[in-house]
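See below for the structure under consideration.
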Amino acid sequence: MSDFDLVVRGGTVVTAADMFRADVGIRGGRIAAVGEALDGAETLDAGGMLVMPGGVDTHCHIEQLQPGGLADEETFETGSVSCLAGGTTTVITFSTQFKGHGIRDTLAEYHRRARKAMVDYSFHQIITDASDDVIFNQIPEVVASGVRSLKVFLTYDPLHLDDRSYLRVLAAARRTGAFVTVHCENYEAIGWRSAALLAAGNTGPKYHAWSRPRIIEREATHRAIALAELVDQPIQVFHVSCAEVAEEIARAQARGLKVWGETCTQYFVLTQQHMDRPGFEGAKFMCSPSPRGEEDHARLWDVIRRGTLDIVSSDHSGWCYGGPRGKRVHGDNVPFTQIPNGVPGLAARLPVMFSEGVSKGRIDPTLFVRLTATNPAKLFGLYPQKGTIAPGTDADLVIMDPKKRVTITNAHMQQGIDYTPYEGLDVTGWPVATVKGGRVVMRDGKVQAEPGTGRFLPRGPYDMIKPLGVLADGFDAAAQLV
Ligand code: DUC
Ligand code: ZN
Ligand code: ZN
């Protein structure tokens, strides 16, 4: 009888810290040994390959309900296939609150939708209406159920919170031991600038970028951090688009604050010029914050190497380009303010980041693993079950062929969205197999997994997100129920 159900043989294992030749032995869905000459009932040959922890994508929008009765076109079923095709095995998606509603019932609906998942998952609970019942009763309940992160938007109609409501969410998180993630852009400034652009007749997709330049993101990032410091509540700034914004995070970190920053695949390869394509095509690249200039890519890599931003997510937010429900939901001759924001990227994240980062010599494979698996798992309370390769951890792996060259097309993405913003991008390095829970679920692009095999990951309290205990005048305002 074999010692292991599956042995991944002969590859180079890459963790957050090390790279070494080893076999990985898997038993009962978990890693049982990392060693030499292991023997398994089944063998996956990884000679010449890199064996890495399965990707952990802590920011993606899947089957999310949208105002006006719409839902994201990417479902848990199609999204899971795309994740597995691209080497991602764990996601954190969103449960949205609509203004005037609670979060208890909403979250139950997302649990129901996620039953078809084939990757493991958790949720961030979006708070758009900081009513007393939500702040004092429902947030504690939702957090106790294992949804340990809240998300707030400082912009977007009808999602954004004003500063007072944001403070109340921070305080609720502090009382309940939750983490807070923040979309940082200035709502009023975007509204004012958009109105001016439209008044001047500047309506095409390219003006999306003009409506929200760097300073709009930077101001909101500074404010989000300052108010989090006031409450003494740790936060993560979502989707930092450029180095100027990262500077705000670096200053906070230098002062010892618990502030983390995430960026996303699109900010390393897309630019605002992509939105200047003829006709409606620029809509394919519209996301918020906006992609910046070509020169910003190199500066973002500097920020990554310095460690100011330590997670790269997809912010997958898929809207089909053709068809009536996606980017054209309000027509294709509408001002940029009426085009849904977001780009798809579940399957593209690992190969694009590997190619742009490791293959082009900008980062080493261990940093790639930290950015795409280990750090997200740690920050969101999933480590070491997820995000590493060690005995006792979940057997979720991606096998990367570091030499394989691919020109990306949407067929590679295997997603529910009909286009990829990375169409035509040449990459070196490609996920050739994915192991999830000890089973080979993708091999050479062929995904074989059953709907319902993904599990909800309840997240309990953990040290990383504990407040510092540093309060202005020594007064804990968050302890008062106001
Ligand atoms: N920006 C977000 O904040 N969410 C989804 C899509 C986008 O572009
Ligand atoms: Zn956002
Ligand atoms: Zn998002």
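What the table below lists for this structure:
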{"item": "Output for the range 304-331, where each listed residue is surrounded by fewer than 18 Cβ atoms within 10 Å (Cβ to Cβ), in contact with a helix residue (DSSP H, G or I) (Cβ under 9 Å, 6 or more places away or on another chain) and of a type in the set (D, E, K, R)", "result": "Arg305, Arg306"}
{"item": "Leading residue by the ranking (farthest from ligand 3 (Cβ to nearest atom)) among those in the range 343-375 that are surrounded by fewer than 23 Cβ atoms within 10 Å (Cβ to Cβ) and not in a helix (DSSP H, G or I)", "result": "Gly361"}
{"item": "Selection count where residues are within 16 Å of ligand 1 (Cβ to nearest atom), assigned to a helix (DSSP H, G or I) and surrounded by fewer than 24 Cβ atoms within 10 Å (Cβ to Cβ), scope the range 232-266", "result": "0"}
{"item": "Qualifying residue in the range 216-228 (condition: over 25 Å from Thr372 (Cβ atoms), within 15 Å of ligand 2 (Cβ to nearest atom) and out of contact with any strand residue (DSSP E or B) (no Cβ under 7 Å at 6 or more places or on another chain))", "result": "yes"}
{"item": "Residue within the range 51-58 that is at pLDDT 95 or above, surrounded by fewer than 19 Cβ atoms within 10 Å (Cβ to Cβ), within 21 Å of Val440 (Cβ to Cβ) and not small (Gly, Ala, Ser) present", "result": "no"}
{"item": "Hey, Gly79 free of Cβ contacts under 8 Å to residues at least 24 places away in the same chain and either within 16 Å of ligand 3 (Cβ to nearest atom) or assigned to a loop (DSSP other than H, G, I, E, B) (or both) or not", "result": "no"}
{"item": "Any hit, the range 197-211, residues being within 16 Å of ligand 3 (Cβ to nearest atom), in contact (Cβ under 8 Å) with a residue 12 or more places away in the chain and surrounded by 22 or more Cβ atoms within 10 Å (Cβ to Cβ)", "result": "yes"}
{"item": "Residues located in the range 214-260, provided they are in contact with a Lys or Arg (Cβ under 7 Å, 6 or more places away or on another chain) and either without any contact (Cβ under 8 Å) to a residue 12 or more places away in the chain or within 16 Å of ligand 3 (Cβ to nearest atom) (or both)", "result": "Ser241, Val245"}
{"item": "All positions within the range 134-160 that are of a type in the set (A, V, I, L, M, F, W, C), more than 16 Å from Ser95 (Cβ to Cβ) and more than 21 Å from the chain's Cα centre (by Cα)", "result": "Ile135, Phe136"}
{"item": "Matching residues in the range 430-464 - criterion: being without any contact (Cβ under 8 Å) to a residue 12 or more places away in the chain and under 14 Å from Thr78 (Cα atoms)", "result": "Lys446, Gln448"}
{"item": "Flag for Asp302 being within 23 Å of Lys360 (Cα to Cα), away from ligand 3 (no atom under 15 Å from the Cβ) and acidic (Asp, Glu)", "result": "yes"}
{"item": "Residue list for the range 268-311, restricted to those being over 25 Å from Ile339 (Cα atoms) and not in a helix (DSSP H, G or I)", "result": "Gly307, Thr308, Leu309, Asp310, Ile311"}
{"item": "The range 148-167 - residue that is farther than 21 Å from Pro340 by Cβ and free of Cβ contacts under 8 Å to residues at least 60 places away in the same chain and, of those, farthest from ligand 1 (Cβ to nearest atom)", "result": "Arg164"}
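Listed here are the residues, each with its yes/no results for (1) under 21 Å from the mean Cα position of the chain (by Cα); (2) assigned to a strand (DSSP E or B).
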site	(1), (2)
Asp401	no, yes
Tyr422	yes, no
Pro431	yes, yes
Val440	no, yes
Pro451	no, no
Gly454	yes, no
Met464	yes, no
Gly469	no, no
Val482	no, no
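Results for (1) in a loop (DSSP other than H, G, I, E, B); (2) at negative phi; (3) within 16 Å of ligand 3 (Cβ to nearest atom), shown as yes or no for each residue.
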| site | (1), (2), (3) |
| --- | --- |
| Phe123 | no, yes, yes |
| Ala130 | yes, yes, no |
| Ile135 | no, yes, no |
| Gln138 | no, yes, no |
| Val143 | no, yes, no |
| Asp157 | yes, yes, yes |
| Val169 | no, yes, no |
| Trp192 | no, yes, no |
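The values are calculated or read from the model by the stated rules, or taken from the named source; none is laboratory data. Since this is a predicted model, take the numbers as computed values, not measurements. Virtual Cβ from ideal backbone geometry, glycine too; neighbours counted across all protein chains shown.
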